[in-house]
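Structure, as structure tokens:
The values are calculated or read from the model by the stated rules, or taken from the named source; none is laboratory data. What you are looking at is a predicted structure, and each value in this text was computed from that prediction instead of being measured. Because the Cβ atoms are built from the backbone with ideal geometry, glycine has one as well, and the counts that use them run over all protein chains shown. Heads up: the accessible areas ignore ligands, DNA and RNA and are worked out on the full protein's heavy atoms, side chains in. Shrake-Rupley method; radii C 1.70, N 1.55, O 1.52, S 1.80 Å.
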Amino acid sequence: MSRFSRITGTGSYLPPRRLTNADLAAELAAQGVETSDEWIVERTGIRARHFAADGVNASDLGVEAARLALQAAGREAAEVDLIIVATSTPDMVFPSSAAILQHKLGVAGCPAFDVQAVCSGFVYALTVADAMVKTGSARCALVIGAEVFSRILDFKDRTTCVLFGDGAGAVVLEASDEPGILSTDLHADGKHAGILCVPGHVSGGQVLGSPMLQMDGQAVFKLAVGVLEEAARSALAKAGRTEADIDWLIPHQANIRIMQSTARKLKLPMDKVVVTVDQHGNTSAASIPLALDSAVRSGQIKRGDTLMLEGVGGGFTWGAVLLDF
Ligand code: UT7
């Protein structure tokens, strides 16, 4: 049995429709909702986001990212023996988007399931895959974050609808004698469920409660900056490493101010932080693998670099994965 799991390929996919803040502000103005590029950039760092076309689901975005990750890893879909999709915007109530994506990849047989931890979904899914690889249950896993948050946005609520976007990112995680994932650290505290939620549910053939995203932005902001530092320190301690060992911090891409604050607390300069929130907005579980893949493909991240991946979001959930790339 191999002692480690290691990322051997990354991929990502954004739906083609891109809206700048000015584009979105113009669409919202037509519905009587007032916002501006200045407000969005100053408060969040977001400049643009992508929205999926009608009928395009999380599995459609995810399968594109998965194909690119497989290509980068030099693997065929038939070699994959585990598929985990992190999503809070699945194609349907059931079956899982992972099962649907598996079929779109043209394979069958291996286990496929979704992980639901909202914006922490990717670090949760990667942690599960790491454990399954290390215990010998899988040797070649696809771990995907895929979201169509545009489907759950209330475009009359300017405090949330300007923040989110659609997209997908994926990694191939393989059994390896070399590290690999060094440590993981996951948490949840359900007492904060109400500060970021989509409270609606299906019952008796109807949607009961609102099917739109609701957020107390300031409460989420305050919790996020505290827990991201804690999770990073905990993951470092478990691996016997220090902040100085981090080559790249890849935090969940929600707000540049949260990322700056986390970097400051970890004494990392911003040029060690991968930032894609400006171009993608907040893509929830897709944000970390999207950021990872864009930094790998741009040549920022190199083989052997030590990466700290950090997620935080609804649940309340948070966590970190420290790895040698
Ligand atoms: O993915 C999970 C993690 N999610 C997050 O990390 C989100 C965390 N929270 C945040 O990023 C920030 O709290 C927000 C970006 C959501 C909000 O920023 P803020 O600096 O906390 O703004 P605020 O909520 O205090 O609002 C300030 C003002 C308000 O006006 P008044 O009451 O001061 O007159 C809002 O009505 O900004 C107004 N405002 C807007 N104005 C123009 C709120 N949204 C907008 C908007 N355009 N889109």
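The table below lists the values:
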item: Residue under evaluation residue 199, criteria (1) touching a Phe, Trp or Tyr at 6+ places or on another chain (Cβ under 6 Å); (2) surrounded by fewer than 20 Cβ atoms within 10 Å (Cβ to Cβ), criterion not met; result: (1)
item: Unique match (being touching a helix residue (DSSP H, G or I) at 6+ places or on another chain (Cβ under 8 Å), farther than 25 Å from residue 277 by Cβ and outside the structural domain of residue 277 (by TED's automatic domain parsing)) among 121, 167, 145, 106; result: 106
item: Residue 180, sole failed condition from (1) out of contact with any Lys or Arg (no Cβ under 6 Å at 6 or more places or on another chain); (2) away from the ligand (no atom under 16 Å from the Cβ); result: (1)
item: Entirely in the stretch 1-94, the strands (runs of 3 or more DSSP E) that have 2 or more residues that are outside the structural domain of residue 257 (by TED's automatic domain parsing) and closer than 22 Å to residue 128 by Cα; result: 4-13, 82-86
item: Subset of the stretch 279-325 (residues that are touching a Leu at 6+ places or on another chain (Cβ under 8 Å), under 21 Å from residue 166 (Cβ atoms), open to solvent by less than 10 Å² (accessible area, probe 1.4 Å) and not in a strand (DSSP E or B)); result: 281, 283, 286, 288, 290, 292, 293, 314
item: Options 114, 54; residue that is surrounded by fewer than 18 Cβ atoms within 10 Å (Cβ to Cβ) and more than 16 Å from the ligand (Cβ to nearest atom); result: 54
item: Selected residue (only one of 51, 94 is of a type in the set (Phe, Trp, Tyr) and in contact with a Lys or Arg (Cβ under 8 Å, 6 or more places away or on another chain)); result: 51
item: Check on residue 251, at negative phi and within 16 Å of the ligand (Cβ to nearest atom); result: yes
item: Exclusive hit being open to solvent by less than 30 Å² (accessible area, probe 1.4 Å), within 16 Å of the ligand (Cβ to nearest atom) and touching a strand residue (DSSP E or B) at 6+ places or on another chain (Cβ under 9 Å), set 263, 235; result: 263
item: Filtered residue count, the stretch 156-170, keeping only those that are near the ligand (Cβ under 9 Å from one of its atoms) and farther than 17 Å from residue 18 by Cβ; result: 4
item: Selection within the stretch 26-54 - aromatic (Phe, Trp, Tyr) and out of contact with any strand residue (DSSP E or B) (no Cβ under 7 Å at 6 or more places or on another chain); result: 39
item: Positions within the stretch 202-217 being open to solvent by 60 Å² or more (accessible area, probe 1.4 Å) and within 16 Å of the ligand (Cβ to nearest atom), in sequence order; result: 212, 214, 216
item: Lone qualifier among 225, 148, 220, 162 - being farther than 30 Å from residue 3 by Cβ, open to solvent by less than 40 Å² (accessible area, probe 1.4 Å) and at pLDDT below 95; result: 225
item: Residue 87 farther than 29 Å from residue 321 by Cβ and among the hydroxyl-bearing types (Ser, Thr, Tyr); result: no
